[in-house]
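Structure, as structure tokens:
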Amino acid sequence: MKASGNTILVTGGGSGIGRELARRWHDAGNVVIVAGRRLDALEETAQGRPDIHAVALDVDDADALQSALAALVKRFPRLNVLVNNAGIMRHERLDTARDLSVAEQTIATNLLGPIRLIDGLIDHLAQQPDAAIVNVTSGLAFVPLMATATYSATKAAMHSYTQSLREALAGRVEVIELAPPGVQTDLTPGQSTRAGYQPLGDFADEAFALFGQQPTPPEILVANVLPLRHAERDGTHGERLAMLTAASRAMLSGGH
């Protein structure tokens with residue numbers, strides 16, 4: 001992925017990792033479109049940056065999405081990079097019957113949303129120079145957090161889908177996976193100050209250094225996520241799972 005001169009669509013650009021990525025790509029010399037449900041948050045991301053554009057977009061509304069993407073491409077015909085960053089993470093208990101609406105919403109947003117966006121833009125992207133798709137997954141794609149089982153499962157699914165997409169688009173569109181560790185954002189209550197999570201600025205510094213490598217690595221993996229990414233390889237999966245399960249029990253009991 002080239003460092004500058006792109007037109008980049010970042011979903012979930014109104015907060016957290018999406019906002020930080022958008023601002024850094026803008027400052028590096030790219031036109032950036034931040035998309036999401038809350039236009040006020042997106043406009044805050046764009047404030048003071050003339051080449052960040054805020055666009056309301058709901059990836060869960062399949063019927064409206066196609067026309068919205070057609071309008072987006074008409075407005076930004078040089079769009080050549082899609083960053084699937086939007087996602088939700090909710091605590092859920094698995095040990096008793098429950099309302100499955102949280103699980104269903106998580107799958108719709110975290111898995112179906114990126115698939116719909118890729119499908120809606122793939123023909124356009126394949127015709128653009130230096131085209132790329134960046135799918136943001138998680139370290140929890142490799143070792144799950146019991147307290148957020150559906151979130152972890154959707155990220156594992158997106159890791160798999162990204163591998164297939166990379167093979168399908170080889171030589172036409174670059175496909176990159178960004179798998180963050182726990183980062184201090186507002187993704188879940190209390191996470192922005194949670195001990196042991198990587199400060200957002202530090203994460204972005206590492207991630208952008210990796211994006212700047214040529215060729216760009218197919219997986220953007222900062223140091224903090226490597227123990228999860230390589231747990232199976234290193235024979236530490238059971239140990240990592242036990243640690244995350246202990247943290248899950250604390251979360252579900254009201255602790256942090």
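Observations on the structure shown:
- Considering residues of the range 40-85 that are among the β-branched types (Val, Ile, Thr) and either outside any strand (DSSP E or B) or in contact with a helix residue (DSSP H, G or I) (Cβ under 7 Å, 6 or more places away or on another chain) (or both) only, the residue surrounded by the most Cβ atoms within 10 Å (Cβ to Cβ): VAL83
- Taking the listed residues ALA223, ALA246, ALA209, ALA231, the one that is closer than 22 Å to ALA149 by Cβ, surrounded by fewer than 19 Cβ atoms within 10 Å (Cβ to Cβ) and without any contact (Cβ under 8 Å) to a residue 24 or more places away in the chain is ALA246, with no other qualifying.
Quick grid of which residues meet (1) assigned to a loop (DSSP other than H, G, I, E, B); (2) within 17 Å of GLY36 (Cα to Cα):
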| site | (1), (2) |
| --- | --- |
| GLY87 | yes, yes |
| THR96 | yes, no |
| ALA108 | no, yes |
| LEU111 | no, yes |
| PRO114 | no, yes |
| LEU117 | no, yes |
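- Sub-8 Å Cβ pairs linking a first residue in the range 88-100 that is over 17 Å from ASP60 (Cα atoms) to a second residue that is of a type in the set (Lys, Arg), at least 6 apart or interchain, are GLU92/ARG98, ordered by first then second residue.
- Within the range 171-184, the set of residues being closer than 25 Å to SER160 by Cα and surrounded by 12 or more Cβ atoms within 10 Å (Cβ to Cβ) comprises ARG172, VAL173, GLU174, VAL175, ILE176, GLU177, LEU178, ALA179, PRO180, PRO181, GLY182, VAL183.
- In the range 232-256, the residues that are at pLDDT 95 or above and part of a loop (DSSP other than H, G, I, E, B): GLY235, THR236
- All positions within the range 1-34 that are in contact (Cβ under 8 Å) with a residue 40 or more places away in the chain, surrounded by 23 or more Cβ atoms within 10 Å (Cβ to Cβ) and in a strand (DSSP E or B): ILE8, LEU9, VAL10, THR11, ILE33
- Scanning the range 87-113 for residues that are among the acidic types (Asp, Glu) and within 11 Å of THR150 (Cβ to Cβ) gives GLU92, GLU104.
- Candidates in the range 214-231 are the residues that are in contact with a strand residue (DSSP E or B) (Cβ under 8 Å, 6 or more places away or on another chain) and part of a helix (DSSP H, G or I); of these, the one that is farthest from PRO181 (Cα to Cα) is ARG229.
The values are calculated or read from the model by the stated rules, or taken from the named source; none is laboratory data. Bear in mind the structure is a predicted one, so any value in this text is a computation, not a measurement. Positions of Cβ are generated from backbone atoms using ideal geometry, with glycine treated the same way; all protein chains shown enter the neighbour counts.
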